[in-house]
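**Student:** Take this structure first; my questions come after.
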Amino acid sequence: MNTTATQPRIDVRRAGERSATKIDWLDSKHSFSFGGHYDPANTHHGLLLVNNDDLVKPGSGFETHPHRDMEIVTWVLQGSLVHQDSTGHSGVIYPGLAQRMSAGSGILHSEKNDSWRLRGTDAHTDPVHFVQMWVVPDEGGITPGYEQLEIDNELLSGALIPVASGMDRHDGASAIRIRNRHAALHVARLRPGQRVELPDAPFVHLFIPRGSVTLEGVGPLAAGDAVRFTAVGGQRVTAVEPAEILVWEMHATLAH
């Protein structure tokens with residue numbers, strides 16, 4: 001990892017510029033190279049390698065598959081997602097519930113839109129909309145792990161809330177822990193006119209999964225838009241309509 005930022009830069013990536021995987025049960029938009037969509041100039045920003053914006057039909061989802069040496073954070077915007085993994089963890093992720101899976105030395109898991117199976121209720125017809133983000137851990141081969149935390153009440157404030165962090169300064173905060181001391185994910189739910197200030201860090205990634213906002217010095221951003229900040233931060237984000245924003249604060253980047 002490299003803790004030195006390069007020249008100041010603000011790089012706006014519009015929703016329509018993302019690569020996409022669209023099949024019968026999945027509509028996935030990729031902010032970075034993912035799967036068969038490889039671009040050597042778009043592999044990561046800071047420590048963030050994956051920012052997938054997924055819509056999964058009911059009764060469908062990702063069958064059991066492996067991961068290794070990755071911190072995977074899932075944030076649900078609408079609907080519910082069932083997680084099951086080889087360490088014995090099983091649960092339903094829903095809006096306001098932060099979830100982290102540390103793949104470590106190796107883990108198998110599945111993610112499906114079929115929560116009625118666990119609850120013993122009738123099948124629903126709603127898709128699940130979620131964003132899945134991957135960051136590299138500080139070290140490889142750690143013991144796989146899982147953590148989730150309900151933070152819906154904190155989000156009512158309209159402030160930028162630390163949701164997942166490996167930074168020492170977030171110890172004791174309402175944040176699940178990730179195994180990278182240089183990275184933190186913040187989330188804000190904003191009503192029209194509400195604003196937050198972005199972290200001032202060497203690397204910042206702003207993603208708008210829902211609603212629309214204006215970014216100081218840039219202008220309007222719509223759902224699916226993202227901005228990559230390098231060596232510049234502290235800009236204000238103001239909601240134009242009800243919106244949700246995901247902000248990665250990173251004090252290191254992957255070595256090239």
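The values are calculated or read from the model by the stated rules, or taken from the named source; none is laboratory data. Please read all numbers here as calculations on a predicted model, not as lab measurements. Here the Cβ is made from the backbone with ideal geometry for all residues, glycine too, and neighbour counts use every protein chain on show. Surface areas here come from the heavy atoms of the whole protein model, side chains and all, with no ligands, DNA or RNA. Shrake-Rupley method; radii C 1.70, N 1.55, O 1.52, S 1.80 Å.
**Student:** Against the condition open to solvent by 60 Å² or more (accessible area, probe 1.4 Å) and assigned to a loop (DSSP other than H, G, I, E, B), how does ARG169 come out, does it pass?
**Tutor:** Working: open to solvent by 60 Å² or more (accessible area, probe 1.4 Å): yes; assigned to a loop (DSSP other than H, G, I, E, B): no.
Spelling it out, it is not the case that ARG169 is open to solvent by 60 Å² or more (accessible area, probe 1.4 Å) and assigned to a loop (DSSP other than H, G, I, E, B).
**Student:** Okay, moving on. Find the residue count for the range 94-123, including only residues that are hydrophobic (A, V, I, L, M, F, W, C) and either in contact with a helix residue (DSSP H, G or I) (Cβ under 6 Å, 6 or more places away or on another chain) or crowded, with 21+ Cβ neighbours inside 10 Å (or both). So that I can check it myself, show each step before the final result.
**Tutor:** Initial filter on the range 94-123 (hydrophobic (A, V, I, L, M, F, W, C)): 97-98, 101, 103, 107-108, 116, 118, 123.
With either in contact with a helix residue (DSSP H, G or I) (Cβ under 6 Å, 6 or more places away or on another chain) or crowded, with 21+ Cβ neighbours inside 10 Å (or both) added as a condition, the list becomes 98, 101, 103, 107, 123.
Residues in the range 94-123 being hydrophobic (A, V, I, L, M, F, W, C) and either in contact with a helix residue (DSSP H, G or I) (Cβ under 6 Å, 6 or more places away or on another chain) or crowded, with 21+ Cβ neighbours inside 10 Å (or both): 5 in total.
**Student:** Name, by its number, the condition in (1) assigned to a strand (DSSP E or B); (2) open to solvent by 40 Å² or more (accessible area, probe 1.4 Å); (3) within 30 Å of VAL218 (Cα to Cα) that does not hold for THR43.
**Tutor:** All conditions pass for THR43, except number (1).
**Student:** Related question: Which residue, of ALA183, ALA231, is open to solvent by 10 Å² or more (accessible area, probe 1.4 Å), among the aliphatic types (A, V, I, L, M), out of contact with any helix residue (DSSP H, G or I) (no Cβ under 7 Å at 6 or more places or on another chain) and touching a residue at least 60 places away in the same chain (Cβ under 8 Å)? Steps first, answer last, please.
**Tutor:** Details: ALA183 fails: open to solvent by 10 Å² or more (accessible area, probe 1.4 Å).
Answer to the check: ALA231.
**Student:** Could you go through the range 5-24 and let me know if any residue there is of a type outside the set (Lys, Arg), at pLDDT 95 or above and more than 20 Å from the chain's Cα centre (by Cα). It would help to see each step written out before you state the result.
**Tutor:** So in the range 5-24, the residues of a type outside the set (Lys, Arg) come out as 5-8, 10-12, 15-17, 19-21, 23-24.
Remaining after also requiring at pLDDT 95 or above: 10-12, 15-17, 19-21, 23-24.
Subset that is more than 20 Å from the chain's Cα centre (by Cα): 23-24.
Among the residues of the range 5-24, at least one is of a type outside the set (Lys, Arg), at pLDDT 95 or above and more than 20 Å from the chain's Cα centre (by Cα), which makes the answer yes.
**Student:** Next question. How about the range 63-82: which of its residues are over 19 Å from ALA98 (Cβ atoms) and not in a loop (DSSP other than H, G, I, E, B)?
**Tutor:** Within the range 63-82, the first condition is being over 19 Å from ALA98 (Cβ atoms), and the residues that meet it are 63-66, 68-69.
Result: GLU63, THR64, HIS65, PRO66.
**Student:** Take the residues in the range 56-93 that are open to solvent by less than 30 Å² (accessible area, probe 1.4 Å) and of a type in the set (Val, Ile, Thr), then tell me which one is farthest from PRO144 (Cα to Cα).
**Tutor:** VAL56
**Student:** With the requirement that a residue be without any contact (Cβ under 8 Å) to a residue 60 or more places away in the chain and touching a Pro at 6+ places or on another chain (Cβ under 9 Å), what does the range 86-103 give you? Outline the logic, then answer.
**Tutor:** The first filter runs over the range 86-103 and keeps only residues without any contact (Cβ under 8 Å) to a residue 60 or more places away in the chain, leaving 86-97, 101, 103.
Residues satisfying the conditions are SER86, THR87, MET101, ALA103.
**Student:** Quick one: which residue in PRO58, PRO66 is more than 24 Å from GLY140 (Cα to Cα) and either over 14 Å from the mean Cα position of the chain (by Cα) or hydrophobic (A, V, I, L, M, F, W, C) (or both)? Give the steps one after another, and end with the answer.
**Tutor:** Numbers: PRO66 fails: more than 24 Å from GLY140 (Cα to Cα).
Among PRO58, PRO66, only PRO58 is more than 24 Å from GLY140 (Cα to Cα) and either over 14 Å from the mean Cα position of the chain (by Cα) or hydrophobic (A, V, I, L, M, F, W, C) (or both).
**Student:** Another question about this same structure. From the list HIS83, HIS37, HIS67, exactly one residue is within 20 Å of VAL135 (Cα to Cα) and touching a Gly at 6+ places or on another chain (Cβ under 7 Å). Which is it? Write out each step before concluding.
**Tutor:** On the way: HIS37 fails: touching a Gly at 6+ places or on another chain (Cβ under 7 Å); HIS67 fails: touching a Gly at 6+ places or on another chain (Cβ under 7 Å).
One residue alone meets the criteria, HIS83.
**Student:** Out of GLU139, GLU147, GLU154, I need the residue that is acidic (Asp, Glu), in a loop (DSSP other than H, G, I, E, B) and at negative phi. Which one? Full working, then the answer.
**Tutor:** Numbers: GLU147 fails: in a loop (DSSP other than H, G, I, E, B); GLU154 fails: in a loop (DSSP other than H, G, I, E, B).
Unique residue meeting the criteria: GLU139.
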